[in-house]
Every structure is written in structure tokens, then in C-alpha cells.
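Read through the structure below, which is laid out as C-alpha cells, and then see the notes.
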Amino acid sequence: MKKLIIFFSFITITLTLSAQKNIETTDRISLEGKVKTKLSFSLKDLEAFPAKHIDSIVVYNHLLEPRKTILNIKGVLLKDLIDKAGIDNDSPKLLSEFYITCIASDNYKVVYSWNEIFNTPNGESVIIITEADGKKADQFSDSIAMLSAADKATGRRYVKGLRQIMVSRVQ
């Protein structure tokens, strides 16, 4: 029994340490895939988009335990970037077959459906953070960061070091 407790303690410590690794920050996001125009956005480029303001977001883990609070958030909606690139599609009827993968510098991936972003209120809360806690994004250790403020477990889709947005179609 003692060996079992030691083993589980070791596993817990190992998983905790690996979950806390530093994410490589990014200063540019590429938008590719099934889009009319492939684009790349610097932090400066994001300032040209309409700003979305959120007072605060509590980042919860998968167990709905609070991990951190982000205050005074300003950012850009994911859907505004996708609108700028345009989805390469012949018929609006087919838009339900599209999905968006947001990829971090450490290859962490988060997926949204086209309908979730463009056909529900959730699309108004998936934000790429350009400013928070009185700091510009280039001063964050998580830059470029993105999350869905409407999620319950906000940490599940909290992308740190966002480097790529890929638009794809289900085959």
C-alpha cells in the first residue's frame, strides 16, 4: 500500500510540473486553410479591428476550480479575423461543415465549429486578448492569448501563445 501511495504521489507531482511548463510567446497569428485570403496578423494589426471589452474573466480548470482572474480585458473577436479572410465556400448551406482549429506555440489545439462562432452568442465571447490588467499583449507571459469567455471551464479553451488559426471543412 505504501508503494502505491508513493507511486500516485510521483505521478501527481510529474503531471503538475508538466502542466506548468512555459509557453513560447508569439507576436503573430497566421490564418490559413479554407479561406479566400491567407492572412497573418501582428499584435499591431489586431489594433485595427473593433475592440471587444470584458470587465473580467475567471479562468477555471476542467474541475471548475478557479486558476486565475484576468481583469480589464480588451481584444478582438475570432470571428472578425475569419470574416476578414473570408471562408472559401460556394454555398452558405455548406458552412455548417466548417470548423476552426486554434493552435498554440506548443501545439495545443482548440476547436470551434463554424456554427458556434457565427450562429450562437458564443461567437461574441471568443476573444484574442490584446490588452488586460493594464498591460498590452506583448507584455504578457501568455501572449498571444485567446479564450472563450462563455465557457464554464474557461481554461479548457484558453490558448496561450496562439500562432495559427486553421479553417477546415469536414470530409
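Simple rule: put +1 on each Lys or Arg Cβ and -1 on each Asp or Glu Cβ in the stretch 23-169, find the dipole, and look at 56, 86, 113; the Cα lying farthest toward the positive end is 113. Quick check on the stretch 101-141: take the gyration tensor over C-alpha atoms, sort the square-rooted eigenvalues as a ≥ b ≥ c, and tell me if it's rounded (a/c under 1.5), prolate or oblate. Cα axes put the stretch 101-141 in the oblate bin. Calculated on the alpha-carbon coordinates, the convex hull of the chain measures out at 135 cubic angstrom per residue. Annotation: the residues 94, 39, 46, sorted from fewest to most other C-beta atoms within 10 Å of their own C-beta, follow the order 94, 39, 46. Near residue 120, once Lys and Arg are set to +1 and Asp and Glu to -1 for all other residues with Cβ below 13 Å from its Cβ, the sum equals -2.
Laboratory data are not the source of any read-out in this text; all were calculated from the coordinates shown. Fair warning: this is a prediction, and the values are worked out from it, not measured in the lab. Backbone-built Cβ (ideal geometry, glycine too); neighbour counts: all protein chains shown.
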